[in-house]
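Trainee: Please find one structure pasted underneath; my questions will follow.
The values are calculated or read from the model by the stated rules, or taken from the named source; none is laboratory data. As the structure is a prediction and not an experimental result, all values here were calculated from the model. Counting neighbours? That spans all protein chains shown, and the Cβs are built from the backbone with ideal geometry, glycine included.
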Amino acid sequence: MTDGTTHYTRPDVAAFLAFLNAQEGPKMEDLPADGAREMFRAMTQMADSPRGDIAKVEDRVIPGPAGEIRVRIYDNRPDRGSGPVLVFFHGGGWVIGDLDTHDAYCAEAARSLDMPVVAVDYRLAPEHPFPAAPEDCEAAARWVADNIPCTGLVLAGESAGGNLTIVTALALRDNPASKPVIAIHPIYPAVTTSNDWQSYRDFGEGHLLTESSMTWFSGHYAPDPADRRAAPLDFPAEGMPPTLLVTAGLDPLRDQGRAYAAKLIEAGVPTTYREARGTIHGFINLSQGIPSAKDDIRGALTVLKAIVTEAGA
């Protein structure tokens, strides 16, 4: 089916959007940050799948540049020897989201990839505006390299976390950690402060992530467009690790994600690009509300596992 234009929309996505857009009451961007965080937690509790069985889930605190950072470690084989470890950065516009909102995805990644996953609860705006989040994520990646038995790091994250995946990889490219970054997996990442994209115009209303909510996120986060941590699309990508970049077909951020994949390819970076056709931003933690998202998650993790295997770490 279509969404009223020529853009294909999956039936389960159309049903989810119809339900979401029929809800009365304030929008997320009408609330203070704490209220928006509660709304996001409630949505993921309703729309995401349960965590499922996994052998080990451990909450810890680690040192950060401005105090302790909470992390959650997942592993389906607690007796595992040294090998690759995935470091995950959640989405939520650098303002919302936490360890619980992406809990099910991290458990699935640990099972599917057969590797430990360390989810990072970085500082959020507006209490901690730019560049607090990338500072915490870089520190957490370095801590994992030093303190978790591993042969290499895989960095992954979605939306704002996709941005943090890329900018952490850039930081570790230029000033390496004690273990190499062997692959990255940005999922519908934000890679520029510019909104001059056709996908913004096509999907900026009625597709979960809206133009007004993006303005709200940016106002709280206050990124500096001249800093590569805010706009990696505008800075060189040579020497980045092998990359699996995923976008969603009905996402305002789709076109900037496509542009960053092209930038990586032009820079000679081994790059795999997948577009989840007919679905929306945020699908990785909406897999109960949008059942087809399970196939998108499974397919991307299968490819990521092959990339990590090829890296040989």
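Trainee: Looking at segment 161-196, which of its residues are part of a loop (DSSP other than H, G, I, E, B) and not aliphatic (A, V, I, L, M)?
Mentor: So the first thing to find is which residues in segment 161-196 are part of a loop (DSSP other than H, G, I, E, B), and the list is 175-180, 188-196.
Result: ASN175, PRO176, SER178, LYS179, PRO180, TYR188, PRO189, THR192, THR193, SER194, ASN195, ASP196.
Trainee: Taking GLY249 as the residue in question, decide whether it is surrounded by 22 or more Cβ atoms within 10 Å (Cβ to Cβ), touching a strand residue (DSSP E or B) at 6+ places or on another chain (Cβ under 8 Å), small (Gly, Ala, Ser) and at pLDDT 95 or above.
Mentor: no
Trainee: Would you mention how many residues in segment 263-313 are surrounded by 20 or more Cβ atoms within 10 Å (Cβ to Cβ), in a loop (DSSP other than H, G, I, E, B) and either among the β-branched types (Val, Ile, Thr) or under 16 Å from the mean Cα position of the chain (by Cα) (or both)?
Mentor: 7
Trainee: Here's a check for you: in segment 1-39, which residue that is polar (S, T, N, Q) and either outside any helix (DSSP H, G or I) or touching a Phe, Trp or Tyr at 6+ places or on another chain (Cβ under 8 Å) (or both) is modelled with the highest pLDDT?
Mentor: Residues of segment 1-39 polar (S, T, N, Q): 2, 5-6, 9, 21, 23.
Filter once more, keeping what is either outside any helix (DSSP H, G or I) or touching a Phe, Trp or Tyr at 6+ places or on another chain (Cβ under 8 Å) (or both): 2, 5-6, 9, 23.
Numbers: THR2: 46, THR5: 54, THR6: 71, THR9: 98, GLN23: 92.
Selected residue: THR9.
Residues are listed down the side, and each one gets a yes or a no for (1) touching a residue at least 60 places away in the same chain (Cβ under 8 Å); (2) part of a loop (DSSP other than H, G, I, E, B); (3) in contact with a Gly (Cβ under 6 Å, 6 or more places away or on another chain):
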site: ARG41; (1), (2), (3): yes, no, no
site: SER49; (1), (2), (3): yes, yes, no
site: ARG70; (1), (2), (3): no, no, no
site: GLY81; (1), (2), (3): yes, yes, no
site: VAL95; (1), (2), (3): yes, yes, no
site: LEU99; (1), (2), (3): no, yes, no
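Trainee: Okay, next question. For segment 101-131, which residues satisfy the criterion of being surrounded by 24 or more Cβ atoms within 10 Å (Cβ to Cβ) and assigned to a strand (DSSP E or B)?
Mentor: Passing the criteria: VAL117, VAL118, ALA119, VAL120.
Trainee: Right, another one. When you go through PRO26, PRO84, PRO11, PRO78 one by one, which is the residue that is loosely packed, with under 14 Cβ neighbours inside 10 Å and either farther than 24 Å from HIS207 by Cβ or in contact with a His (Cβ under 9 Å, 6 or more places away or on another chain) (or both)? Walk me through it before giving the result.
Mentor: Values: PRO26 fails: either farther than 24 Å from HIS207 by Cβ or in contact with a His (Cβ under 9 Å, 6 or more places away or on another chain) (or both); PRO84 fails: loosely packed, with under 14 Cβ neighbours inside 10 Å; PRO11 fails: either farther than 24 Å from HIS207 by Cβ or in contact with a His (Cβ under 9 Å, 6 or more places away or on another chain) (or both).
Residue meeting the stated conditions: PRO78.
Trainee: Restricted to segment 51-61, and to residues that are of a type in the set (A, V, I, L, M, F, W, C) and in a loop (DSSP other than H, G, I, E, B), which residue is surrounded by the fewest Cβ atoms within 10 Å (Cβ to Cβ)?
Mentor: Taking segment 51-61 as the starting set, the residues that turn out to be of a type in the set (A, V, I, L, M, F, W, C) are 54-55, 57, 61.
Applying the additional criterion that residues be in a loop (DSSP other than H, G, I, E, B) yields 54-55.
Values: ILE54: 17, ALA55: 13.
Step by step, filter segment 51-61, then rank; the result is ALA55.
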